[in-house]
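The values are calculated or read from the model by the stated rules, or taken from the named source; none is laboratory data. Small disclaimer: the values here were computed from a predicted structure and weren't measured. Cβ: placed from backbone, ideal geometry, glycine included. Neighbour counts: every protein chain shown. Side chains are part of the model used for accessible areas, which takes the heavy atoms of the whole protein and leaves out ligands, DNA and RNA. Shrake-Rupley method; radii C 1.70, N 1.55, O 1.52, S 1.80 Å.
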Amino acid sequence: MILGIETSCDETSVALLEQDGSVRVNLIAWQIERHRPFGGVVPEIASREHLQHLFPLAGRALADAHASWSDVDRIAVTAGPGLIGALLVGVAGAQGLAYALGIPLVAVNHLEGHLYSPYLQREGPSIPLPPRFLSMVISGGHSQIYDVAGGRAAMLNRTRDDAIGETFDKVAKFIGLPYPGGPQIEKHASGGTIDRKRFPLPVPQFKDESLDFSYSGIKAGAIRIARQMNIRADGDPKLLADFCATFQDALFAQLFDRLDAIWSRLQTPMPVDVAVAGGVAANGTLREKMLDWGRRRGVNVRLPEKRYCTDNAAMIAFAALQQTAEAADPRRVSARSRIA
Ligand code: KG4
Ligand code: ZN
């Protein structure tokens, strides 16, 4: 089995996977309550929490899988990008384990974990990866579309400023909704009416033919509107619902605008699937819209199980299984907060 470790942000996670991608266990220690009073992740608190939870969680993962350390023949750890202190806890822990057990350690790029996560199944072996697929990674730190073929991922676009999940979180925080904002906005949006005239959110325009995302304009516009119209978490519920529905719709409209533009420019042979990954992929409205997008074009849309949308170690171990390169000497693996 391969043991996965993920500590790049505010979730400590340990998973055990078989070589065929079956997930034996995927445990997550959530820290949301510890960060909530601050309205966002506090890096130092995250590092300390990881330190406290990592080894007990690894022990529990083995116990839950009725396995022992001798059943683990490889370790995969998120080496970046992420919070450097948080990453260091996972990487140092994984190095210690790999070195002590005399087994290889695989350094995994956190984004690669998200990229492949739609192919993990709740039970049984993973879905075979198609020869080519698009993967849209939308989370608190990323908004990017990749073209993945033969184990290589080429980035087709990225955000010029804020990530989509970050935009959800910041606007939610401004109106007084608890962290993380994405699920909160989704909840309130469900009873609301979309009205772009009443809530005139800006549509980002670039002078060049760019396919990039940009969310800072919508963020600033949403905050301005919320201030002017006195939209508050504890205020008029209908006003809040309509605002959330319109704001969420504007965020997603941009995703589809860029996805359409990218799709129309691709050359044959076309990608087999369009996959969506990352925390924002847990959003029910987006999942419906994505499936609808695929139906209208005859494209297969692959959505991750909700449990594999937000950060988890199963996707990290799974990404390691896709790597063909030799695993590194554990002492040579290092944490990096940014990866180009
Ligand atoms: O992938 P993730 O756990 O961490 C990063 O790598 O960033 O994503 C967390 C992000 C947060 O911004 C959170 O607000 C957003 O995903 N998120 C959602 C939903 N669930 C989580 N955004 C919209 N709707 C949701 N249901
Ligand atoms: Zn993530």
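For residue 265, the criteria (1) more than 16 Å from ligand 1 (Cβ to nearest atom); (2) under 22 Å from the mean Cα position of the chain (by Cα) hold in every case but one, which is (2). For the range 176-187, the candidate set comprises residues that are open to solvent by 20 Å² or more (accessible area, probe 1.4 Å) and within 22 Å of the chain's Cα centre (by Cα); within that set, the residue that is nearest to residue 252 (Cα to Cα) is 186.
Scanning the range 10-22 for residues that are buried (at least 24 other Cβ atoms within 10 Å of the Cβ) and either over 24 Å from residue 81 (Cβ atoms) or without any contact (Cβ under 8 Å) to a residue 12 or more places away in the chain (or both) turns up just one, 16.
The set of residues in the range 46-88 that are in contact (Cβ under 8 Å) with a residue 60 or more places away in the chain and aliphatic (A, V, I, L, M) comprises 65, 67, 72, 75, 76, 77, 79, 83, 84, 86, 87, 88.
Contact map, the range 132-145: first residue more than 8 Å from ligand 2 (Cβ to nearest atom) and open to solvent by 10 Å² or more (accessible area, probe 1.4 Å), second residue of a type in the set (D, E, K, R) and part of a loop (DSSP other than H, G, I, E, B), Cβ cut-off under 7 Å, separation 6 or more or different chains; pairs are 144/158. Take the residues in the range 146-168 that are more than 23 Å from residue 206 (Cα to Cα) and in contact with a Leu (Cβ under 9 Å, 6 or more places away or on another chain), then tell me which one is farthest from ligand 2 (Cβ to nearest atom). The qualifying residue farthest from ligand 2 (Cβ to nearest atom) is 151.
Can you find even one residue in the range 13-21 that is closer than 18 Å to residue 125 by Cα and in contact with a Pro (Cβ under 6 Å, 6 or more places away or on another chain)? Looking for residues that are closer than 18 Å to residue 125 by Cα and in contact with a Pro (Cβ under 6 Å, 6 or more places away or on another chain), one finds at least one in the range 13-21, hence yes.
With respect to being at positive phi, within 16 Å of ligand 2 (Cβ to nearest atom) and of a type outside the set (A, V, I, L, M, F, W, C), residue 278 fits the description. Screening residue 92 on (1) modelled with pLDDT of 95 or more; (2) within 15 Å of ligand 2 (Cβ to nearest atom) shows it passes everything except condition (2). On inspection, residue 164 passes the criterion of being at pLDDT 95 or above, open to solvent by less than 30 Å² (accessible area, probe 1.4 Å), in contact with a Ser or Thr (Cβ under 7 Å, 6 or more places away or on another chain) and within 13 Å of ligand 1 (Cβ to nearest atom).
Out of all the residues in the range 108-131, which are within 16 Å of ligand 2 (Cβ to nearest atom) and buried (at least 21 other Cβ atoms within 10 Å of the Cβ)?
Keep residues of the range 108-131 that are within 16 Å of ligand 2 (Cβ to nearest atom), which gives 108-118, 120.
Matches in the range 108-131: 108, 110, 111, 112, 113, 114, 115, 116, 117, 118, 120.
For residue 4, the stated conditions do not hold, so it cannot be described as of a type outside the set (Asp, Glu) and open to solvent by 10 Å² or more (accessible area, probe 1.4 Å).
Among the residues of the range 171-189, write down those that are assigned to a helix (DSSP H, G or I) and among the small types (Gly, Ala, Ser). Steps first, please.
Applying the first criterion (assigned to a helix (DSSP H, G or I)) to the range 171-189 yields 171-174, 181-189.
Of everything in the range 171-189, those that are assigned to a helix (DSSP H, G or I) and among the small types (Gly, Ala, Ser) turn out to be 172, 181, 182, 189.
Among the residues making up the range 142-172, those that are under 16 Å from residue 266 (Cα atoms) and of a type in the set (A, V, I, L, M, F, W, C) are 145, 148, 149, 153, 154, 155, 156.
Filtered by the rule that a residue be touching a residue at least 24 places away in the same chain (Cβ under 8 Å) and open to solvent by less than 80 Å² (accessible area, probe 1.4 Å), the range 24-45 gives 25, 26, 27, 28, 29, 32, 35, 39, 40, 41, 43. With respect to the conditions (1) open to solvent by 40 Å² or more (accessible area, probe 1.4 Å); (2) in contact (Cβ under 8 Å) with a residue 60 or more places away in the chain, residue 318 lacks only one, and its number is (1).
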